[in-house]
Amino acid sequence: VNGVRAVVKKGLLDWLDHERPDILCIQETKAHTDQLSSEILQDHGYKTYWHSGERRGYSGVATFCKEEPLYVQEGLGIEKYDREGRVLLTEHEDFLLYNIYFPNGQKDDVRLQYKLDFYDDLLPIINEQVESDNNVIVTGDWNTAHFPIDLARPKENIRTSGFMPVERERLDTYVDNGWVDTFRLFHPEPHRYSWWSYRMGARDRNIGWRIDYFFVNGSFAESCIDADIHDDVMGSDHCPISLSIENNSS
């Protein structure tokens, strides 16, 4: 959301009260809970969980759940990532949910390598969860457009972090390991994006990138009944994405 305090002022809570998702995952909260107003911390019918980085005003994720999760974990258990507040894991009756703000590699080569390391270190963790007979959803701002169809100007951005071959190869590896980009199960069409630069009227012109995803393990993809991008929702440089799954609970 590029700052939860900013997006609250732009109508986040009104949107939440209207849409009432079962679970809401927010990335780039840029806030510690002691910096949040009572307006967002009060009971909106959700249990809320926050993982903030050591550095104030940077990174951070939050998960809002109508039903209390069976288990909540902050971080991956890897200190170099956890100190930046990038991951919340919640366990639900039918699945595990990873809410992740993946690193951005645009600053310099050091941060690009950090981003690539994050992809590499996450994959065996979620693979192990699937091998232990868990269904897994990994959602958030992945900070990479996978294919040319996933951004408006692929040729111009081939050397830009977020569409570099080395980053896209990491997503290839996830797919090779059986992970499914749920949006493309339902939407093969082009020109569907989830992020736009604030500059040059990019959103009005739909010069965007699709960098926000719901990935699921292959066998769980059969339980997905819809996935979409809600580009009519304003308030941030990103827009919401959604995933609907069958309720297999008795």
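Odds and ends about this structure:
- Scope region 145-167; condition assigned to a loop (DSSP other than H, G, I, E, B) and of a type in the set (S, T, N, Q); matching residues: Thr160, Ser161
- Every residue from region 73-84 that is in contact (Cβ under 8 Å) with a residue 40 or more places away in the chain and crowded, with 16+ Cβ neighbours inside 10 Å: Leu76, Tyr81
- Segments classed as strands (runs of 3 or more DSSP E), wholly inside region 168-250, with at least 2 members that are touching a Cys at 6+ places or on another chain (Cβ under 6 Å): none
- Filtered residues of region 161-208 (kept if closer than 20 Å to Asn127 by Cβ, free of Cβ contacts under 8 Å to residues at least 40 places away in the same chain and charged (D, E, K, R)): Arg168, Glu169, Asp172, Asp176, Asp181
- Boolean, Thr33 is touching a helix residue (DSSP H, G or I) at 6+ places or on another chain (Cβ under 8 Å) and either crowded, with 19+ Cβ neighbours inside 10 Å or at pLDDT 95 or above (or both): no
- Yes/no for Phe95 being without any contact (Cβ under 8 Å) to a residue 60 or more places away in the chain, under 21 Å from Ile26 (Cα atoms), surrounded by 17 or more Cβ atoms within 10 Å (Cβ to Cβ) and of a type in the set (Phe, Trp, Tyr): no
- Check on Gly105, modelled with pLDDT under 95, surrounded by 19 or more Cβ atoms within 10 Å (Cβ to Cβ) and more than 14 Å from the chain's Cα centre (by Cα): no
- Among residues of region 37-50 that are surrounded by 12 or more Cβ atoms within 10 Å (Cβ to Cβ) and of a type in the set (D, E, K, R), those with a beta-carbon under 6 Å from a residue that is assigned to a strand (DSSP E or B) and at pLDDT 95 or above at least six positions away or on a different chain give the pairs Lys47/Cys65.
- One residue from Asp141, Asp121 being under 29 Å from Ala202 (Cβ atoms) and among the acidic types (Asp, Glu): Asp141
The values are calculated or read from the model by the stated rules, or taken from the named source; none is laboratory data. Predicted model, so just to flag it, every value in this text is computed and none were measured. For neighbour counting, all protein chains shown are included, and Cβ atoms are generated from backbone atoms with ideal geometry for every residue, glycine included.
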